[in-house]
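Taking it in order: structure first as structure tokens, then the write-up.
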Amino acid sequence: MNETEMAELLRRSTGDLAPDLPGLVAGGLRRGRVRQRRQRVGAVLAASAVVALVGFGSAHLLGDGGGTSRGVSPAGDPSTTVPTVSPSATTSDEPLERAELAVTTEQVPTTFAGLEPGRVSGPSPKSGPDAAPVVDFTWRGFGIRVGLTPDDYVDDHAVVDPARRCAEQAGPAQCRPGADATVVTTSSFVNPAADGGTSVRSVTVFRPDGWDVLVMVYNGPGKDGPVTAAEPPFDLEELERIASSDVWFA
């Protein structure tokens, strides 16, 4: 039997058969629903696997302390952990707008007396300028220096980050965090170092709004003496409070 004869036989044997269209359609729908269910199950299983992997990884990163973060050990040194460092408020992409001074050179002594009541002298002749006042005066007979300098005071190049300004001026080891995202450095020394020299205490607060505030006190009327008391009238904590005050700025 050749191909023509075979085709004719098939045509005659099926010529009187009507296709079961409803059955074919129903069967197709059933097969489609089965295929969709299989796809959904597969997707759920895949998502579950991803969640499990993420949970496993998080558990290893966070440890078993109820979500407390652990440091990650550097490669090759499993005994060393790197402490988690919280981002500083001052490290945003946009620097804070520089604050405006609320005082002139002449007003610095009386503003100081508003914080620490006492009789003050006027500024020394070398004090100023108003745009960045460094003012020497006396308070109850003790020498005081207040410096209000912008972040570009040193070389006309603004250094926005207060931590960097502190590190560049005092050395990183001398800097510590202060209130309101400030950085603080303190010092106490005798000048000259020989017996009978003038005792000096100073605090500088590096602010995130573009200013550095220095407050320095002597145990006499100034750096050149004479010594009139065993110690300066303010301790470092009191000087930091004065330097951190917003009274200097508008």
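Odds and ends about this structure:
- Residue 215 vs. criteria touching an Asp or Glu at 6+ places or on another chain (Cβ under 9 Å), surrounded by 13 or more Cβ atoms within 10 Å (Cβ to Cβ) and not charged (D, E, K, R): yes
- The set of residues in region 87-125 that are modelled with pLDDT under 95 and not hydroxyl-bearing (Ser, Thr, Tyr) comprises 87, 89, 93, 94, 95, 96, 97, 98, 99.
- Of all residues in region 146-187, those that are surrounded by fewer than 14 Cβ atoms within 10 Å (Cβ to Cβ), small (Gly, Ala, Ser) and in contact with a strand residue (DSSP E or B) (Cβ under 7 Å, 6 or more places away or on another chain) total 1.
A quick yes/no check of all residues on (1) under 36 Å from the mean Cα position of the chain (by Cα); (2) under 21 Å from residue 200 (Cα atoms):
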position	(1), (2)
112	yes, yes
117	yes, yes
121	no, yes
132	yes, no
135	yes, yes
142	no, yes
146	yes, yes
150	yes, no
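- The residues in region 158-210 that are in a loop (DSSP other than H, G, I, E, B) and touching a Cys at 6+ places or on another chain (Cβ under 8 Å) can be counted, and the count is 1.
The values are calculated or read from the model by the stated rules, or taken from the named source; none is laboratory data. None of the values given here were measured: they were computed from a predicted structure. Reconstructed Cβ throughout: ideal geometry from the backbone, glycine too, with neighbour counts over all protein chains shown.
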